[in-house]
Structure formats: structure tokens, C-alpha cells
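A.B. asks: Below is a structure I'd like to ask you about.
The values are calculated or read from the model by the stated rules, or taken from the named source; none is laboratory data. Small disclaimer: the values here were computed from a predicted structure and weren't measured. Glycine also receives a Cβ, built like all others from the backbone with ideal geometry; neighbour counts cover every protein chain displayed. To get the accessible areas, we keep the full protein, side chains included, count just its heavy atoms, and leave off ligands, DNA and RNA. Shrake-Rupley method; radii C 1.70, N 1.55, O 1.52, S 1.80 Å.
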Amino acid sequence: MLSLSTFVSFGGAMVLQIFAGILADIDVRYTYLTNAVPVIALVLIIAFLKNPDPDEAIPEKTRSGGLSARVIGVSIVLALASLFIMPALFMFSFLVQKISASVTVSSTVQFFYTIGCMIGGLTFMIFYRFTRRFSIGVSLILAALGIGGLIIASNLPMFYTTMLIAGIEYSSLIPAVLMIVSQVTEPRMIPFATSVVYTSMNLMGFFATPFIGFFAGFGDPVTFPIVTGMVFMTITGIVMFIINPYPKFSSVGTQTEFTNSGGNK
């Protein structure tokens, strides 16, 4: 379900990108109409999503506990990854313009990133079976390679490939982090813990502009922030190779072991 939710999220983003492009061709001001889509989603949630009775859905023994240090730690890692990939997402169009000034071409490159995010979310469990406790570290380092590929890309297929890789590996982080959250968090705290993860990730969009502006002053204003994000993401990936972010009981099909072991560790 974690993989499917990531797939659907980025699939929705892709549809909105296409819809925004169509509206922009009519009038650029119409692109703001896409902000009405969350209102529709909110109405559907209120109308059809029912909250379970907490007294019936959650056993009494799971009522204590809060956010663990592990949840906070992986939330910070995902937030940093979101920040470090921002220069590539903000600046890639300037690199693409060296090959083609067409807005359509830049949109196509962005499209490949979104497709990569969908693929990464959908195939996460396959990826996890091969990487296990190193899944977050591998995703960070491969995403860094995808970011770095933008610097040396000399043709459109290279741009498509590097953005596809960056998208696959970045989106693999999201279900990985959420899986950790579900394993170490008391059931009644999972919604709050999940909101912390997504809030920390989306908050980095606010810091992206000052982050890019700061490092743009140390070199080429386009490539240097991208390289900086690549280096920082690589360092974070190496750290996650050393530090095992998963609980000791974490593996595919071992949720029963966690449940029988008494919950949070």
C-alpha cells in the first residue's frame, strides 16, 4: 500500500502538470485553477472516509508512547533529500536550454522525472528485497548520480535518463521512510507521525530558494547549486549506509515478529 500510494501521488502530479500546461496555452492565469483540485479531494474525504472508533480499532496496550527518535531521524533524512534535489528540479531547464529553448522539451524532461517517481513508488518492495537495510542509502546515492548526470548531459536522451533515475530513487525514499514509521510507531500515533514526515519533506520547498541562492554565489549560479545538492545527498547516503535506519526486526514479512515482540523498540 505504501508503494501504491506513492505511485498514485506522483501520477496525480503528472496529470496536474499536463492539465496546467493545457490551461497555460489558453491563459497563464488559468493555471491557478489547479489549486481547486485539493478542494475536490477534501470534499470526497469528508464525504466518504470514515474514522474508525479508536476504542474498537486500537488495543488498550498500545495507547501509550509518542514519536520515537528513529521517526524523527528518518523524517530529517527525507527532508534533507527533498532539499538537496531541489536545485536540480529548479535549474534543469536552464541546462536544457543549451540544447533546445522549447518549453515543451523542458516539460518533457520534467515529465520523465515524474514518471521515474511513479516507477520508484510502484517497484519499491522489489527494490527493498535487494537492498534491505541499505535501501535508503542506495536510493540517496543513486539519486545523487541522477542529479550529477544533469551536469554532464549533452543531449536530450541523457537528460531524460538522469531525471528518470533521480525520480525513481527519490520516490523510493518515501515508502522506505513510511515503512519505518509504521514499524516503530504506536498505531494511534501513526497518522501524526506520517504528517510529521510529509510536513518535514514539503517544508524544504520553502527553504529551497535561499539554499539555491546561497550556493549560487560560490560559483556558476546554475550548476554549482546542483553539484552542491549532489554532494550533500551523497554524504547523507554514505551516513545511511553506516547507520541502519531500520529496526532490527525489519525485513519483508516480519511485521508479525514486531507485533509479538511487544511493539515499540
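A.B. asks: Just give me the residues in the range 70-106 being among the polar types (S, T, N, Q), more than 22 Å from ASN202 (Cβ to Cβ) and buried (at least 16 other Cβ atoms within 10 Å of the Cβ), in sequence order. Write out each step before concluding.
C.D. replies: Residues of the range 70-106 among the polar types (S, T, N, Q): 75, 82, 93, 97, 100, 102, 104, 106.
Now restrict to residues that are more than 22 Å from ASN202 (Cβ to Cβ): 97, 100, 102, 104, 106.
Passing the criteria: only SER106.
A.B. asks: Also: For residues in the range 85-99 being of a type outside the set (A, V, I, L, M, F, W, C) and in a helix (DSSP H, G or I), which is nearest to ALA144 (Cα to Cα)?
C.D. replies: So the first thing to find is which residues in the range 85-99 are of a type outside the set (A, V, I, L, M, F, W, C), and the list is 87, 93, 97-98.
Then drop every residue that is not in a helix (DSSP H, G or I), which leaves 87, 93.
Numbers: PRO87: 12, SER93: 18 Å.
Ranking the candidates gives PRO87 first.
A.B. asks: Okay, moving on. Could you list, in sequence order, the residues of the range 79-98 that are hydroxyl-bearing (Ser, Thr, Tyr) and either within 13 Å of the chain's Cα centre (by Cα) or at pLDDT 90 or above (or both)?
C.D. replies: First, pick out the residues of the range 79-98 that are hydroxyl-bearing (Ser, Thr, Tyr): 82, 93.
SER82 - this is the single residue of the range 79-98 that is hydroxyl-bearing (Ser, Thr, Tyr) and either within 13 Å of the chain's Cα centre (by Cα) or at pLDDT 90 or above (or both).
A.B. asks: Among SER75, SER135, SER139, SER82, which is in a helix (DSSP H, G or I), under 20 Å from VAL222 (Cα atoms), touching a residue at least 40 places away in the same chain (Cβ under 8 Å) and touching a helix residue (DSSP H, G or I) at 6+ places or on another chain (Cβ under 6 Å)?
C.D. replies: Only one candidate passes the filter, namely SER82.
A.B. asks: Give TYR198, TYR170 a once-over and let me know the one that is open to solvent by 50 Å² or more (accessible area, probe 1.4 Å) and within 20 Å of ILE119 (Cα to Cα). Explain how you work it out, then say what you get.
C.D. replies: Values: TYR170 fails: open to solvent by 50 Å² or more (accessible area, probe 1.4 Å).
TYR198 is the lone residue from the list that is open to solvent by 50 Å² or more (accessible area, probe 1.4 Å) and within 20 Å of ILE119 (Cα to Cα).
A.B. asks: Would you mind stating whether LYS265 is basic (Lys, Arg), in contact with a Phe, Trp or Tyr (Cβ under 8 Å, 6 or more places away or on another chain) and at pLDDT below 95? Give the steps one after another, and end with the answer.
C.D. replies: Values: basic (Lys, Arg): yes; in contact with a Phe, Trp or Tyr (Cβ under 8 Å, 6 or more places away or on another chain): yes; at pLDDT below 95: yes.
It is true that LYS265 is basic (Lys, Arg), in contact with a Phe, Trp or Tyr (Cβ under 8 Å, 6 or more places away or on another chain) and at pLDDT below 95.
A.B. asks: Filter the range 128-137 down to the residues that are crowded, with 21+ Cβ neighbours inside 10 Å and touching a Phe, Trp or Tyr at 6+ places or on another chain (Cβ under 8 Å), then identify the one that is nearest to VAL177 (Cα to Cα). Reasoning before the result, please.
C.D. replies: Pass one, the range 128-137, residues crowded, with 21+ Cβ neighbours inside 10 Å: 128, 135-137.
If we keep only those that are touching a Phe, Trp or Tyr at 6+ places or on another chain (Cβ under 8 Å) as well, we get 135, 137.
Values: SER135: 10, GLY137: 12 Å.
Of everything passing the filter in the range 128-137, SER135 is nearest to VAL177 (Cα to Cα).
A.B. asks: Out of GLN110, GLN183, I need the residue that is touching a residue at least 60 places away in the same chain (Cβ under 8 Å), buried (at least 16 other Cβ atoms within 10 Å of the Cβ) and more than 24 Å from MET14 (Cβ to Cβ). Which one?
C.D. replies: Details: GLN110 fails: more than 24 Å from MET14 (Cβ to Cβ).
Of the residues listed, the single one that is touching a residue at least 60 places away in the same chain (Cβ under 8 Å), buried (at least 16 other Cβ atoms within 10 Å of the Cβ) and more than 24 Å from MET14 (Cβ to Cβ) is GLN183.
A.B. asks: Still on this structure: For the subset of the range 99-117 comprising residues that are aromatic (Phe, Trp, Tyr) and over 12 Å from LEU156 (Cα atoms), which member is farthest from the chain's Cα centre (by Cα)?
C.D. replies: Filtering the range 99-117 for residues that are aromatic (Phe, Trp, Tyr) and over 12 Å from LEU156 (Cα atoms), the one farthest from the chain's Cα centre (by Cα) comes out as PHE111.
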